[in-house]
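Working notes for the structure below.
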Amino acid sequence: MDVVQIMSKELLKGAKMLGEHCEKCGTPLFEKDGEVYCPICKIKGNEKKTEYISKLNEGNRQEEILEDKINYLLERLKDENEVSRIIEIGKALEILLRVKELIEK
């Protein structure tokens with residue numbers, strides 16, 4: 001949905017477009033029921049909150065998935081004899097270990 005569509009929906013909902021603009025994104029501010037708001041940042045803010053909450057809820061699941069993938073690659077590495085594959089698996093393990101470290105912080 002583009003900016004014009006979002007602003008149009010706000011007008012259809014009865015909001016009033018003001019002559020002032022949002023400091024963050026430059027979109028005109030709207031007023032409805034005494035509340036002055038930016039329809040763009042309001043939407044983005046809600047999406048970010050929802051995304052953040054989802055990530056918190058999935059945190060334990062992410063660690064579990066990473067552990068499974070690391071263990072899988074270690075098993076593959078144990079049986080691998082081809083140098084190029086060993087390097088490839090090693091790089092993948094390095095990435096997964098970095099991600100795991102970031103998640104644990």
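Each label point was placed 7 Å from the Cα along the Cα-to-Cβ direction; for Q62 and L74 their separation is 2.2 nm.
Counting only residues at least eight positions apart within a chain, or on another chain, the lysines with an alpha carbon under 18 Å from that of K42 are K9, K13, K16, K24, K32.
Every read-out reported here was derived from the displayed coordinates using simple, explicitly stated rules and does not represent laboratory data. Note that this is a predicted model, so its numbers are computed, not measured. Virtual Cβ from ideal backbone geometry, glycine too; neighbours counted across all protein chains shown.
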